[in-house]
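The values are calculated or read from the model by the stated rules, or taken from the named source; none is laboratory data. Every value quoted in this text rests on a predicted model; they were computed, and no experiment measured them. Here Cβ is always computed from backbone atoms with ideal geometry, including for glycine, and neighbour counts include all displayed protein chains.
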Amino acid sequence: MTPESQEPSETRSALSWFFTGMRGITSLPALILMTSYVGFAAFALEAGLTRGEAVAMTLGVWALPAQMILVGTMLANANIAASFLAVTLSSIRMMPMVASIMPEMRTKKTPLALLLFLSHFIAITSWVFASTHLRKVPKEHRVAYFAGFGITLTCTNALIVGVSYGIVSQFPPVVAGALFMLTPVYFISSIWASARQPVVRLAFVFGIVLGPLLALVSPQFDVLYAGIGGGTAAYLIDRYRRKRHRATEAA
Amino acid sequence: MPQDYSTYILIAVAGFLATDLWRWLGVVAGHRLNEESEALHWVRAVATALVMAVTAKLIVFPTGTLAHAPLWLRLGAAGIGFAIFLMTGKKVAVGVLVPIAILIAGLLVVGI
């Protein structure tokens, strides 16, 4: 899984980087996500979705929170416009997530169509993976490396949903509780460990505090408000800090 | 619940389109950003705050079995785990295993 392997990076082909990315499937975040998708398969069965529908939803949506919301609106017999609205409002966060890794991933020669295609494989887990590992990969091979990881992760989880559908109905309560806790604690430590700039650590603190607080005030748009408000506050504080730093250095 | 292929249309429109629309907009917006530009600092901050807001909500307002664990246990496990993670050289494995161990121990003591 470590991008630095035996051969010097210049001589390695894009295909070999694709395979290196694929090996990320055995990483801790990928394994955690797989257990979450076993949970989704159980939820889909309970909600009355067929096996094919559960797999299609995993491949087509590829964002666990959005999938849960979509199934929820189906259970509530909402019409297609209401389902669309609920899912799309919960997915606005995709835009800054995708936008923030694009400059790191693409080169001047990367075709736009390829990036549009690969953006489908960006969800929280692959975003964390990309922000952690992309910088260790030579720039011209980052697209291949991410494609290897992202496509493999999505297809493996679709397979897992198809296979575990109907097999796992429920975990023992202690195991289920621990599984639900794995995802958030993994995000907390991996995002903090991979934060290179102070602005990211500031935004981390703002987001983690504002998220639950705003959920009490505005349960519909809490994440959006916490993201835009907390992120902007972190950015402004960091810009002030950088300016003052530059001013003292100049003096 | 709608029947047959109408569910697939629902998945395509209210699932695939509803999420990928934002991903495509992200590609277009990100295409204009330079690495280390001011705008990218801001976008990165917003994306991080968004992901952390989602993450904190998973702990404070959990769904499923975790909801049976008391709030103090969930916050304590995550908080103490993060403190130990910071003190022991920021190893992700520590940051994951310590909170899980505290949570499991707590669940066994409290009993769910």
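See the values below:
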| quantity | calculated |
| --- | --- |
| Any hit, segment A:134-151, residues being of a type outside the set (Asp, Glu), touching a Lys or Arg at 6+ places or on another chain (Cβ under 6 Å) and assigned by TED's automatic domain parsing to the domain that holds A:Met34 | yes |
| Hits in segment B:78-103 (condition: buried (at least 17 other Cβ atoms within 10 Å of the Cβ) and either within 7 Å of chain A (Cβ to nearest Cβ) or of a type in the set (Asp, Glu) (or both)) | B:Ala78, B:Gly81, B:Phe82, B:Phe85, B:Val92, B:Gly95, B:Val96, B:Pro99, B:Ile100, B:Leu103 |
| Test: B:Arg32 is touching a Pro at 6+ places or on another chain (Cβ under 8 Å) and either at pLDDT 90 or above or among the basic types (Lys, Arg) (or both) | no |
| Among (1) more than 19 Å from B:Ala14 (Cα to Cα); (2) part of a loop (DSSP other than H, G, I, E, B), the one test that A:Asn77 misses | (1) |
| Helices (runs of 4 or more DSSP H) wholly inside segment A:137-251 that include at least 3 residues being more than 7 Å from every other protein chain (Cβ to nearest Cβ) and over 23 Å from B:Thr63 (Cβ atoms) | A:142-164, A:198-217, A:222-250 |
| Residue that is farthest from A:Pro65 (Cα to Cα), among those in segment B:1-42 that are more than 7 Å from chain A (Cβ to nearest Cβ) and of a type in the set (S, T, N, Q) | B:Ser37 |
| Every residue from segment A:92-114 that is surrounded by 20 or more Cβ atoms within 10 Å (Cβ to Cβ) and more than 26 Å from A:Ile69 (Cβ to Cβ) | A:Met105, A:Arg106 |
| Unique residue being out of contact with any strand residue (DSSP E or B) (no Cβ under 9 Å at 6 or more places or on another chain), modelled with pLDDT under 90 and either within 28 Å of A:Leu224 (Cβ to Cβ) or polar (S, T, N, Q) (or both) when the list is B:Ala69, B:Ala53 | B:Ala69 |
| The lone exception for A:Ile92 - which of (1) within 7 Å of another protein chain (Cβ to nearest Cβ); (2) within 28 Å of B:Ala29 (Cα to Cα); (3) not in a loop (DSSP other than H, G, I, E, B) it fails | (3) |
| Residues of segment A:43-66 classified as under 15 Å from B:Ala12 (Cβ atoms) and aromatic (Phe, Trp, Tyr), total | 1 |
